[in-house]
Amino acid sequence: MEKTTENTAKRNKAEAAMYWVVRILAVAALVIVFISELNPARITTGIHSSISLFTSAVSKSKLTYLLAAPIRMGYVEDSVFTFLQISSIIILLGIISVCVSAALSFGNEKARQIGLFFLPSGGCATGAGLLGVYLLYKRIENPQNTSVSLEFLHKQVPPNFPWQFWLYLGFAISAVILFISISAANKFSLRKGKFEITEKYRLFLYAFPIILLTFIFSYLTLKGFSMAFYETSNTGINTFVGFKWFAYLFTDGAVFERFIRVIRNTLVMSGLGLITSWLPVAFAVFFSEIKNNAVRKVVQTLTTLPNFISWILVYAVALSLFSTSGLLNHVIEAFTGTSPEKSWLEINNTVWLQMLIWGIWKGTGWSAIIYIAAISGIDQGMYEAAEIDGAKRFGKMWYITVPMLIPTYSVMLLLAFANVLSNGLDQYLVFSNPKNIENIEVLDLYVYNLGFNAQGNSDATKPLATVISMSKTVISLALLFIANWTSKSIRGESII
Amino acid sequence: MANSRKHRDGGTVHKNTPADYVFYVINYAVFMLFALLCFFPFYYLFINTVSDNGEVFRGAITIYPKGIHFGNYTALQYVANLGRSVWITVSSTVISTAIMVFASAFAGYIFTKKNMWHRRLWYRFTIIPMYFNAGLLPWFLNMHSLGLTNNYLAYILPNIVVPFNIIMVKTYIESIPADIEESAVIDGAGTLKIFMKIMLPLSIPILATITIFGAVNRWNAFNDSLILMTTSPKLFTLQHRLYIYLTQSNNLEQLMRSGIKSNVQNLNQKVVQYTVSVVSTLPIVLVYPFMQRFFIKGIMMGAVKG
């Protein structure tokens, strides 16, 4: 009798361990379907290297967009890719099935047993999809089109047996093997009873879609950093070049010169922002002296409105006021008789000031809200006590209100410090023009111009943009930690 | 009230001195001037769209409209692609905001549950992306490999999880007394039922705030349209369209041609730019004054978190 319990315990332990393998396998599969380097459906190099299995399954147009010409010429049948998409969908469904099984494995015995059936069906579906992929690969290797030579066809649509195929096959086979071993360990009688999953795992499963989305759209993005270490040739082959592009940034004269200018612009803009960061505080302090509620409401509504307007619209406003045919020139014309006939937005040497003023115009009223609220929280007794001591209006403002706002202000200042390299793209993009680009190009705009707007596009532009993005991310994170540490050691509170 | 101010305890009465009056006049004047500066550009754009187009072209409109007509607005229907962009913007704003709010509410609630498996780990995992930004090119590559370039879903899917909103909802739900949930548990309600029947209605104030922020952000969004919609002009958002109208004159020529079709007198570049600008901002300017308290509540909540 004792021996049987011991055996059962041992068996349960083995079963639990195998369930962990299933869960890990499921999550791993769920991750790699989004990784383009691990696409088992890339049966020809004509399929773009940035296509993941997931994309193959959801978008046929992406699958074939480098192959439009060969398909049109009949070098390869369009149906091959329709079937490739179907195969990818089947593989994807198989993986989802295994994931369902893994999710149910967190439940009670009933749930686990139901989940167990999803395991071999998932494995088989993946296997079937892979078989489809294999047959389609064979089709591309031995095309039906006999009107042109095989070599020519292979040149047009180069067959490529993806090694990733084996990875997925391994996954499918492991799923089936796991099913067999778990069933062997399990006394296989479908139990009656309530289907349920333990609360702690159930809550996790509820949160799982959110976690997965976070992973796909935030963490997976970091994969793109690898581009900083590769050189892409015209034929689309990536070679690892180490820190070549990092060195290139500093050794190539023209690039380095532009980079220094960009850094200067970035620091100047952020610096001007830091220098004027007290403006919202002043706004709030004086705003609190307005006692008429109607006036307060009107002023607050109107001054916070610009914050919710896009930078493009701000640019539209700027054009209407300061362009060659804008309001300002018409007003000048009305007074002096001649229009200056120039656009005020194209003056290179005042661009820093212009950007600062637009920033102040857009943000001051909004940033002040937090201070206005802080002021309304100040104990009125302090003002009364100060009044008894003979403090006048400005005395109370300077010796009570302002010091009470310093803690909030210091947090804002530290956050601004952490963001010193991030000016944002929109403002500088919309206001930039060929005449002011020298002084307006900040890091974010520089990365955009390199990556997406490159005139004289060269091999270097995209890796360079990545190098800069990556360094900026790392430095910004470091600054954030420094700011947080400063806040912790001075105020005893963290800001993140 | 006009010239004396009672303190809260009701005792002392403060008489305004002449210096106080000077201060008030200057203070009110400065704030009114700043408010005017903030408002005038919008007003200026608007009066230009309803004035006589010939006068607008000559720059004769400065403070008040002349020859009021609304033909420019009806003429917009002839502007190629504009209607489609409006539709893209409106639909993506509504859909993505609705999903984002529901997801934030649900995630915010689930992350308050202490017995979730490795709750702290997963919560941090979800929140950390708030503090880094991989940059445009890695982002583009990721979206491309997910098949989200030239795809309408690019306006929806990436915006579902917004860490900051999850934090706000979580903080809010944590401030709701725990006995409400406990009594529901005793009555036999499950997690999902508690969420739908209790937590969702109770957190409406915070959800209203994140709705309005989310909607404004979506409405103003233009980076994703600019960078991801490389070959699909039909998916451009309204802001992107406006950007093109403002910066590319060859597009404006097309507008002019369509303007001739519409029988509006003297339709010109400037007027079309102004009118599209007003249309693209109108929802915000109209809605903002009524929703202001939600915005203000939003920034205060954020500040509590720090």
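The values are calculated or read from the model by the stated rules, or taken from the named source; none is laboratory data. All figures in this text were calculated on a predicted structure; none of them were measured in a lab. Backbone-built Cβ (ideal geometry, glycine too); neighbour counts: all protein chains shown.
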* Would you be able to tell me the number of residues in segment B:220-233 that are surrounded by fewer than 17 Cβ atoms within 10 Å (Cβ to Cβ) and not in a helix (DSSP H, G or I)? => 3
* To do: Answer yes or no as to whether residue A:480 is of a type outside the set (Asp, Glu), facing chain B (nearest Cβ under 9 Å) and free of Cβ contacts under 8 Å to residues at least 24 places away in the same chain.
  => no
* To do: Identify, from the list A:57, A:111, the residue that is over 21 Å from residue A:215 (Cα atoms) and either within 14 Å of chain B (Cβ to nearest Cβ) or in contact with a strand residue (DSSP E or B) (Cβ under 8 Å, 6 or more places away or on another chain) (or both).
  => A:111
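Conditions tested, residue by residue: (1) at the interface with chain A (Cβ under 10 Å from one of its Cβ atoms); (2) in a helix (DSSP H, G or I); (3) in contact with a Leu (Cβ under 8 Å, 6 or more places away or on another chain); (4) of a type in the set (Phe, Trp, Tyr).
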| residue | (1), (2), (3), (4) |
| --- | --- |
| B:165 | no, yes, no, no |
| B:172 | no, yes, no, yes |
| B:180 | no, yes, yes, no |
| B:193 | no, yes, no, no |
| B:199 | no, yes, no, no |
| B:209 | no, yes, no, no |
| B:212 | yes, yes, no, no |
| B:218 | no, yes, no, no |
* Specify the residue that is nearest to residue A:204 (Cα to Cα); the eligible residues are those in segment B:126-163 that are among the hydrophobic types (A, V, I, L, M, F, W, C) and part of a loop (DSSP other than H, G, I, E, B). => B:161
* Asked: Pairs under 8 Å by beta carbon, first residue in the same structural domain as residue A:40 (by TED's automatic domain parsing) in segment A:81-105, partner among the charged types (D, E, K, R) and part of a helix (DSSP H, G or I), six or more apart or different chains?
  -> A:81/A:60; A:82/A:60; A:85/A:60; A:102/A:23; A:104/A:112; A:105/A:23; A:105/A:112
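Matching residues to (1) under 13 Å from residue A:430 (Cβ atoms); (2) facing chain B (nearest Cβ under 9 Å); (3) under 40 Å from the mean Cα position of the chain (by Cα):
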| site | (1), (2), (3) |
| --- | --- |
| A:313 | yes, yes, yes |
| A:319 | yes, yes, yes |
| A:332 | no, no, no |
| A:340 | no, no, no |
| A:345 | yes, no, yes |
* Here are some residues: A:106, A:81. Which one is surrounded by fewer than 21 Cβ atoms within 10 Å (Cβ to Cβ) and of a type in the set (Phe, Trp, Tyr)? -> A:106
* Asked: So how many residues does segment A:203-236 have that are within 8 Å of chain B (Cβ to nearest Cβ), more than 17 Å from residue B:160 (Cβ to Cβ) and without any contact (Cβ under 8 Å) to a residue 40 or more places away in the chain?
  -> 2
* **Residue list for segment A:276-311, filter: under 30 Å from the mean Cα position of the chain (by Cα) and in a helix (DSSP H, G or I)** => A:304, A:305, A:306, A:307, A:308, A:311
* Can residue A:24 be described as surrounded by fewer than 20 Cβ atoms within 10 Å (Cβ to Cβ), under 26 Å from residue A:119 (Cα atoms) and at the interface with chain B (Cβ under 9 Å from one of its Cβ atoms)? -> no
* Structure fact -> Filtering segment A:330-369 down to residues that are assigned to a loop (DSSP other than H, G, I, E, B) and in contact with a Ser or Thr (Cβ under 7 Å, 6 or more places away or on another chain) yields A:341, A:342, A:343
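To keep it simple, each residue is scored yes or no on (1) aliphatic (A, V, I, L, M); (2) buried (at least 19 other Cβ atoms within 10 Å of the Cβ).
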position: B:43; (1), (2): no, no
position: B:53; (1), (2): no, yes
position: B:62; (1), (2): no, no
position: B:69; (1), (2): no, no
position: B:72; (1), (2): no, yes
position: B:75; (1), (2): yes, yes
position: B:84; (1), (2): no, no
position: B:94; (1), (2): yes, no
* Of the conditions (1) at pLDDT below 85; (2) in contact with a helix residue (DSSP H, G or I) (Cβ under 8 Å, 6 or more places away or on another chain), residue A:372 fails just one. Which one is it? -> (1)
* Structure fact -> Within segment B:182-191, residues among the aliphatic types (A, V, I, L, M), more than 14 Å from chain A (Cβ to nearest Cβ) and either part of a loop (DSSP other than H, G, I, E, B) or surrounded by 12 or more Cβ atoms within 10 Å (Cβ to Cβ) (or both) come out as B:184
* To do: Determine, yes or no, whether residue A:200 is farther than 30 Å from residue A:46 by Cβ, assigned to a loop (DSSP other than H, G, I, E, B), within 14 Å of chain B (Cβ to nearest Cβ) and at pLDDT below 90.
  => no
